Amino acid sequence: QVQLVESGGGLVQAGGSLRLSCASSGRTFSIYRMGWFRQAPGKEREFVAAINWDSAYTYYTDSVKGRFTISRDNAKNTMYLQMNSLKFEDTAVYYCAAGAHVPVPSASSHYGYWGQGTQVTVSS
């Protein structure tokens, strides 16, 4: 089993920045790919970004490209999401996810482990 705990969410004005963290524990050696998803009120959960275990490949949804950066520090078993130039529409609960076999980075069903989520609220 793998446990994931997100932190770093909060309230920020539009144009501001936040950095989310996802700390993992347990059988972390089994993780191949990790990702961030978000869910706004009344909307379905959507893919934000993903990263391979060796950080060789990263993936982003179009709406965050150039503004968000995903990274991971395997020595600390922690993944990050640096969010800059935040917009009102980025407001959502952000979830960390991890999986041992994730052929499609944007497919939530391919991730076997999830955190509890952290709220990000961007005021306009």
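The values are calculated or read from the model by the stated rules, or taken from the named source; none is laboratory data. Everything numeric in this text was worked out from a predicted model, so none of it was measured. Neighbour counts are summed over all protein chains in view; Cβ atoms, including those assigned to glycine, are modelled from backbone coordinates with ideal geometry. Accessible surface areas use protein heavy atoms only, side chains included; no ligands, DNA or RNA. Shrake-Rupley method; radii C 1.70, N 1.55, O 1.52, S 1.80 Å.
At a glance:
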quantity: Total charge dipole magnitude, the chain, about the Cα centre, Cβ charges on Lys, Arg, Asp, Glu only, Debye to nearest 20; calculated: 100 debye
quantity: Lysines whose Cα lies under 29 Å from that of Lys76, excluding same-chain neighbours fewer than 8 positions away; calculated: Lys65
quantity: Accessible surface of the stretch 30-116, 1.4 Å probe, proportion on carbon and sulfur as whole %; calculated: 49 percent
quantity: Gaussian network model of the chain, springs between alpha carbon atoms under 10 Å - residue of Ser85, Ser24, Ser106 with greatest fluctuation; calculated: Ser85
quantity: In range of the label at Asp73: residues from the stretch 39-66 whose backbone nitrogen is under 20 Å from the point 7 Å along Cα→Cβ; calculated: 50-58
quantity: Rounded Å value of the spacing that divides the Cα centres of the stretch 24-67 and the stretch 72-124; calculated: 5 Å
quantity: Accessible area per residue, Å², the stretch 48-107 with all protein chains present, probe 1.4 Å; calculated: 47 Å²
